[in-house]
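Below is one structure, written out as structure tokens; comments come after it.
Each reported figure results from applying straightforward, stated rules to the coordinates on display, with no laboratory input. This is a predicted model, so every value here is computed, not measured. Here Cβ is always computed from backbone atoms with ideal geometry, including for glycine, and neighbour counts include all displayed protein chains.
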Amino acid sequence: MDDDDPGRRVAAQVAAGGGLDGLHRLSETIEALEERRTDLVEELRRGRQATWEEIGRACGMTRQGATRRWAGRLRARSFGLAATAYQHGRPGYPQALIGSAVPREARRVLDLGAGTGKLTGMLVEAGLDVVAVEPDPQMRDRLAAAVPKAAVRAGSAERIPLPDAGVDAVVVAQAWHWFDQATAVPEIARVLAPGGTLALIWNVRDETEPWAAELGALMHRSDRQRLDTAPELPAPFGAPERLEIRWEHPTTPAGVLDMVASRSYVIALPEADRARLLADVEQLLATHPDLAGRDEIAVPYVTRCTRVRLG
Ligand SMILES: C[S@@+](CC[C@H](N)C(=O)[O-])C[C@H]1O[C@@H](n2cnc3c(N)ncnc32)[C@H](O)[C@@H]1O
């Protein structure tokens, strides 16, 4: 062994005498180190202190390798930076969704990637016993304040802080596309009781009205995240049941601006581009013949829900 290599030296110390105990200690240490590495990458990128090229080099990777490894994860972690705008601007969900997302016999429900609690509050009001898991501390603080009756826990879809078979239903609203699905699927199956259900939910803006199409064109000028809002789930989940609900979110011009400002790709834009986009949206709201002078705006949405049952 090369004793001058600090990594090998630490690994040998952690594994000590080896065996299953050593393997367990090594695995936990690798996970903690990986978590710390992601935090460091995040700090360096947010403070614009290093390029992807430099980060890749420091990690023994190419620039592409480093962006593939972390860029998505960093975006998934960006919501807390705009938690106030998120809470104010993002729509909730139509009441009719609850009966389809959660089966009638379910009592204990996990809201995974719960954000500021937009769906959590509705689940609590429906009389369910709700645990909300959210990795971002700023989103979690708002969630705990907004929905005090829910049990709020730090955690992620890849590592759910619940016992095996602990809930009857899991709901995931606007968050499935942020998960590492290969790890999340068995982890969700682990916490579900036999016959439990998983519901994946998205609010999609309905762009059939001309002003809504113009808003969409402005928002996606820099980036369009292609989402599969009717996904297929692998085993151990069974055949999907799908539902669509059309509805309108009543809001204000300021609410529309906050809805735009809380999108992950808008949070990630360089400041000048972000300011330009928000100014253009403000201009649309002030001048479009269907919107000008209005204090209230009804934003049309289609809520899509895919529900599967543990086989
Ligand atoms: C668009 S928000 C949706 C929040 C909430 N469910 C709602 O409907 O308003 C996505 C949320 O997923 C969370 N998230 C991102 N990656 C996650 C992961 N791997 N596991 C669990 N949640 C995650 C983010 O922190 C964020 O709060």
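Less than 13 Å Cβ to Cβ from Glu296, Lys/Arg counted +1 and Asp/Glu -1: what total charge do the surrounding residues give?
On the way: positive: Arg294; negative: Glu248, Asp290, Asp295.
Charge balance near Glu296 sits at -2.
Are there trypsin sites (Lys or Arg not before Pro) in the stretch 268-311 that DSSP marks as loop and that have at most 15 other Cβ atoms within 10 Å, and which are they?
Qualifying residues, ordered by number: Arg294.
Among 243-252, 111-120, how do they line up from the highest to the lowest mean number of other beta-carbon atoms within 10 Å?
111-120, 243-252
With +1 assigned to the C-beta of every Lys and Arg and -1 to the C-beta of every Asp and Glu, and no other charges, what is the dipole magnitude of the stretch 81-309 about the Cα centre in debye, to the nearest 20? Don't skip to the end; give the middle numbers.
Numbers: 24 positive and 30 negative charges, 103 e Å.
Rounded to the nearest 20 debye, it is 500 debye.
For a Förster distance of 30 Å, can you work out the FRET efficiency between the beta-carbons of Leu44 and Val10, rounded to the nearest 0.05? Before the final figure, lay out the partial values.
On the way: r = 22 Å, r/R0 = 0.74.
So the FRET efficiency works out to roughly 0.85.
What does the charge add up to near Gly65, with Lys and Arg as +1, Asp and Glu as -1, over the other residues with Cβ less than 14 Å from its Cβ? Provide the component values of the computation, followed by the final result.
Details: positive: Arg37, Arg57, Arg63, Arg68, Arg69, Arg73; negative: Glu53, Glu54.
Once positives and negatives cancel, what remains is +4.
Would you pull out the residues with amide H under 5 Å of Ala106's amide H, same chain only if 5 or more places away, H placed 1.01 Å from N?
none
Give the whole-number value, in cubic angstrom per residue, of the convex hull volume spanned by the C-alpha atoms of the stretch 81-309.
Numbers: hull volume 26.9 nm³, N = 229.
Output value, Cα hull per residue: 117 Å³.
With springs only between Cα atoms under 10 Å apart, run a GNM on the chain and tell me which of Gly47, Gly80, Gly216 wobbles the most.
Gly47
Return the long-range amide H neighbours of Val204 (sequence gap of 5 or more, or a different chain), with a cut-off of under 5 Å between placed amide H atoms.
Hits under the 5 Å cutoff: Val302, Thr303, Arg304.
Gain in length, Thr208 to Ala96, computed as 0.36 nm per residue apart minus the alpha-carbon separation, to one decimal in nm? It would help to have the intermediate numbers written out before the result.
On the way: separation 112, 0.36 × 112 = 40.32 nm, distance 2.23 nm.
Going from the current span to full extension adds 38.1 nm.
Going by average Cβ density within 10 Å per residue, which order do the peptides 190-199, 277-286, 166-175, 4-13 take, highest to lowest? Mind showing how you got there, number by number?
Numbers: 190-199: 19.3, 277-286: 16.0, 166-175: 24.0, 4-13: 11.2.
With the highest mean Cβ count within 10 Å placed first, the list reads 166-175, 190-199, 277-286, 4-13.
When a footprinting reagent is the concern and you count Cβ atoms within 10 Å, what order do Ser27, Ser100, Ser262 take, fewest first?
Working: Ser27 11, Ser100 17, Ser262 23.
Sorted ascending by nearby Cβ count, the order is Ser27, Ser100, Ser262.
Between Thr29 and Cys59, what is the FRET efficiency for a Förster distance of 25 Å, r being their Cβ-Cβ separation, to the nearest 0.05? Don't jump to the answer; show the numbers that get you there.
On the way: r = 17 Å, r/R0 = 0.70.
According to the calculation, E is roughly 0.90.
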